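Structure first, commentary second.
The values are calculated or read from the model by the stated rules, or taken from the named source; none is laboratory data. Remember, predicted model here, so these are calculated numbers, not experimental data. For neighbour counting, all protein chains shown are included, and Cβ atoms are generated from backbone atoms with ideal geometry for every residue, glycine included. Accessible surface is based on the protein model in full, side chains and every heavy atom, while ligands, DNA and RNA are left aside. Shrake-Rupley method; radii C 1.70, N 1.55, O 1.52, S 1.80 Å.
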2 protein chains.
Amino acid sequence: MIKKKFSSSVEDYLEAIYFIGKERGSVRTSDIAFFLKHKPPSVTEMLDKLSKKGFIKHEKYGTVSLTLQGMRIAEEVSGRHNTLISFLELLGVDRGTAEIDACKMEHILNRRTINRLRRFVEFVQRAPKEPEWLEHYKHFVKTGEHLECKSEGTK
Amino acid sequence: MIKKKFSSSVEDYLEAIYFIGKERGSVRTSDIAFFLKHKPPSVTEMLDKLSKKGFIKHEKYGTVSLTLQGMRIAEEVSGRHNTLISFLELLGVDRGTAEIDACKMEHILNRRTINRLRRFVEFVQRAPKEPEWLEHYKHFVKTGEHLECKSEGTK
DNA sequence: AAAAAATGTTAGGTTAACCGAAAAATTTAA
DNA sequence: TTAAATTTTTCGGTTAACCTAACATTTTTT
C-alpha cells in the first residue's frame, strides 16, 4: 500500500515541514527556505505542487501544515533518517557527516536495505551488554589491527 | 588530491565504460545505452561532455576509451561500489537489492563514510576467525531476539 | 493610518539529463 | 557495388528543480 515513490526533493520538503512544525509550531515559506537553504520562490513553487498532491495545506501568504497523508510520508522519511543517523554513528561517522549522508541516503535506499540497517542498530542497542566487537571494530578503525579477545593485547 | 565532485550521471557513465571495457574489450555507444538502460541519443550527448572534460576519447561513429584521468575516476567509483556491495551483503541484503542500492550510494556518500564502511568490511573479512556476533546478528534479524552468551556456546 | 520593512508570489530563465524522430554514417548482404 | 539494415548522431523537446528580478501582500514602525 505504501509503495509510491516520491522525489528526493518532495521528501525533503515534507520532512522539513514536519521538523519545523515540531520545533517552532508554525511553518512559513521563509522557515522552509532557511532550513533547506533554498530561495523563497523555489519554496513557493514546491508548496504549490505539494498542495496539489494533497500532502499539505497552504494558505496564500500564510502558513503551511501537513495533511494526514503528508504527515504519513514525513514520518516515514524521518524514521529512515533516524535509523541512518544511528547507524552511521555506530560506525563512528561524526555527527556532521552523518547528518549530511543520512539526508541523502534516506531518499534512495530500498526498504529492505533500510530494514537491515535498522535491525543492525537494534541489534547493538538492545544487546544485553555492550558488545565487545564494537570496541574491537573501533580499535581496528584506528590501528588497522585486530586485538584478539582473550589471548593477547596488541599494544 | 582527488577532491573534485562529479554528477551521479557522469560517474555512472565512466563506471559503465570502465566495466564494459573490461568485459568486452571495446566500448560503443550502444553498449553503454544497453548497460545503463538509456537511449543512444542520451549516450552520445554525454560522451561529448565527457570528451570535453577530458575523461574519454571518442571517435565519431567509433569506439570509446577512458583517458588516464577518466580511468582514475572510474576506478575510484568502482572501488566505492565494491565496498558497498560487500558491506550490504555482510548485512544480509540480497544481491539484487545490494546492486541497486550500491549504485546509488556510490555517488552520494562522503569519503569518510565510505572509509568507515570499508573498514567495517575489512574488520569482518580479516578477523582471525569467523566472528560470532555476525551469526548473532543474523539470528536477530530473523527472530528479533538476542541469543546471547547464556553459557558462551555457539560453535 | 501611511510609510517603510519584511515576507511571499509571479514571471521568466537556466541547467542537467533524459527522450523521440529523422538524418547521416557504417556495416552487412545480395 | 549497390541496396538494405544497423548504428550513431543531430535536432528539437520535455521535465524537475533550482534561480533572479519584479511585483504583491502583510506586518511593523512612526
Go ahead and set up a Gaussian network model of chain B, Cα springs under 10 Å, then flag whichever of B:ALA102, B:ALA16, B:ALA33 fluctuates most.
B:ALA33
Inter-copy label distances at B:SER26 (7 Å, Cα→Cβ; nm, one decimal):
6.9
How far is A:HIS139 from the same spot in each other copy, in nm, shortest first, if each label point sits 7 Å from Cα toward Cβ?
2.4
In whole angstrom, and with the biggest value first, how far do the Cα coordinates of the range B:78-129 range along each principal axis?
32, 25, 15
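Once the convex hull of the alpha carbons of the range B:48-155 is built, what does its volume come to per residue, in cubic angstrom?
148
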Calculated from DSSP H runs of 4 or more alone, at -39500 (n - 2.57) each and per residue, what is the 222 nm mean residue ellipticity of chain B, nearest 500?
-21500 deg cm²/dmol
Compute the FRET efficiency between A:SER42 and A:THR63 as 1/(1 + (r/R0)^6), taking r as their Cβ-Cβ distance and R0 = 22 Å, and round to the nearest 0.05.
0.75
Calculate the mean, over all residues of peptide A:96-104, of how many other protein chain Cβ atoms lie within 10 angstrom of the residue's Cβ.
4
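With all protein chains present, how much of the accessible area of the range B:1-146 (probe radius 1.4 Å) comes from carbon and sulfur, to the nearest whole percent? Kindly include the intermediate steps, with their values, before the conclusion.
Numbers: 4310 of 8270 Å².
Carbon and sulfur atoms account for 52 percent of the accessible area of the range B:1-146.
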How are the Cα pair distances of the range A:8-73 distributed, in percent, across 10 Å bins from 0?
23, 66, 11
Mind telling me which of B:THR97, B:THR143, B:THR67 comes out most flexible in a GNM of chain B, alpha-carbon contacts under 10 Å?
B:THR143
The answer for the net charge of residues other than B:VAL121 whose Cβ lies under 13 angstrom from its Cβ, with Lys and Arg +1 and Asp and Glu -1, is +3
Given a 1.4 angstrom probe, what's the average accessible area per residue across chain B, in square angstrom?
59
With springs only between Cα atoms under 10 Å, which of A:VAL27, A:VAL77, A:VAL141 fluctuates most in a Gaussian network model of chain A?
A:VAL141
Accessible surface buried upon B-A contact (total; probe 1.4 Å; Å², nearest 100)
3400
For the protein assembly as shown, take the convex hull of the Cα atoms, compute a quarter of its surface area, and give me that in nm², please.
21.0
Which links in A:LYS53/B:LYS104; A:LYS5/B:LYS22; A:LYS5/A:LYS53 stretch past 24 Å when you go from one Cα to the other?
A:LYS53/B:LYS104; A:LYS5/B:LYS22
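Among the GluC sites (Glu not before Pro) within the range B:17-100, which fall in a DSSP loop and have no more than 16 other Cβ atoms within 10 Å of their own Cβ? Display every interim value, and only then the final one.
On the way: sites: B:GLU23, B:GLU45, B:GLU59, B:GLU75, B:GLU76, B:GLU89, B:GLU99; in loops: B:GLU59.
Sparse-neighbourhood loop GluC sites (Glu not before Pro): B:GLU59.
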Mind listing the label-point distances from A:THR44 to the same position on all other copies, shortest first, one decimal in nm, points 7 Å along Cα→Cβ?
4.1
